[in-house]
1. Take Trp206, Trp83, Trp145, Trp215 and sort them by solvent-accessible surface of the protein heavy atoms, 1.4 Å probe, largest at the top.
2. Once region 31-99 is represented by equal point scatterers at the alpha-carbon sites, with solvent omitted, what log10 I(q)/I(0) does the Debye formula produce at q = 0.23 Å⁻¹?
3. Per the 1.4 Å probe, what fraction of the accessible area of the chain, in percent, lies on carbon and sulfur atoms?
4. For the chain, take the longest principal axis of its alpha carbons; what is the angle in degrees between that and the long axis of helix 181-197, to the nearest 10 within 0 to 90?
5. Write down the accessible area per residue of the chain in Å², having rolled a 1.4 Å probe over the full set of protein chains.
6. If I model a spin label at Ala13 and Ser118 as a point 7 Å from the Cα along the Cα→Cβ vector, what separation in nanometres do I get?
7. For the chain, find the longest principal axis of its Cα atoms and tell me its angle to the long axis of helix 66-76, 0 to 90°, nearest 10.
8. Tell me what the chain gives for mean residue ellipticity at 222 nm when only DSSP H runs of n ≥ 4 count, each as -39,500 (n - 2.57), the sum divided by the residue total, rounded to 500 deg cm²/dmol.
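The values are calculated or read from the model by the stated rules, or taken from the named source; none is laboratory data. Here the structure is a predicted model, which is why all the values come from computation and not from measurement. Counting neighbours? That spans all protein chains shown, and the Cβs are built from the backbone with ideal geometry, glycine included. With ligands, DNA and RNA removed, areas are computed over all heavy atoms of the protein, side chains included. Shrake-Rupley method; radii C 1.70, N 1.55, O 1.52, S 1.80 Å.
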Amino acid sequence: MIWPAAASDASMAAVKDLSDIGQRARDLLRQLPAGVTLVAAAKSRTPQQVRAALDAGIADIGHNYVQEAQAGIAALGREAARWHLIGHLQRNKVKRAVQLFDIIESVDSARLADALESACAAAGRVMPVLVEVNSAAEQQKTGVWPGRVEALVCHLAGCEHLRVEGLMTLGRFAPDPEACRPSFRLMRQLFEDISRAAIPGVRMRWLSMGMSDSWLVAVEEGANMVRIGTALFGPRQG
Ligand SMILES: *Cc1c(COP(=O)(O)O)cnc(C)c1O
């Protein structure tokens, strides 16, 4: 059995957790310059925690995993937010992803693009996509290499059911956010080069970069979409 005192401690902790999320969300929204969209990075968070962020005024939720997104969207409703896929997409999950997300930020190969194109054609919809760039040029990470971004954008521009809307990157994982600045600056350069190339069907709107520790530097370097998890929801459990 659950002792009444223990139960009420647990539920008070849960209430405090949700009100802390609301407070942090309002603080972040206040700090972000106008025109910068805050995407709440919701991996491993509960629908209640995501709901608290939405209630505080966040409108965009990012998921890394198709299955987790499916559960979250089922709990909160398709209309509750704009749903972003920010994690690596496996080709066997493409069909489900096309049903769930409003934008896919992690397109990093022509093969994935082709799989998405046929799933979107079958579903009769056009999907906004961002090209994920391995801007720190680190071998282990996802994302297309900087030198291959424009070729992938051109490939995507030929996909009738995909619409390129910008670029996304993780940047470097480093304790010092300044270490991310060179890769963010490179992203801005790529973004501007591709905008200037004026590729038909491509509308460069979003430069998605910056996380809890690095969003300030990212915004300084031109990000207009930041993806924040820990600084919003608190440290992840487990
Ligand atoms: C987890 C995650 C984030 C947010 O990271 P935090 O450091 O927790 O803010 C942003 N983007 C992606 C792709 C992520 O997986």
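1. Trp145, Trp206, Trp215, Trp83
2. The computed values of log10 I(q)/I(0) come out as -1.00.
3. 53 percent
4. The helix 181-197 is inclined about 50 degrees to the chain.
5. 49 Å²
6. Roughly 4.9 nm, to one decimal.
7. 50 degrees
8. -13500 deg cm²/dmol
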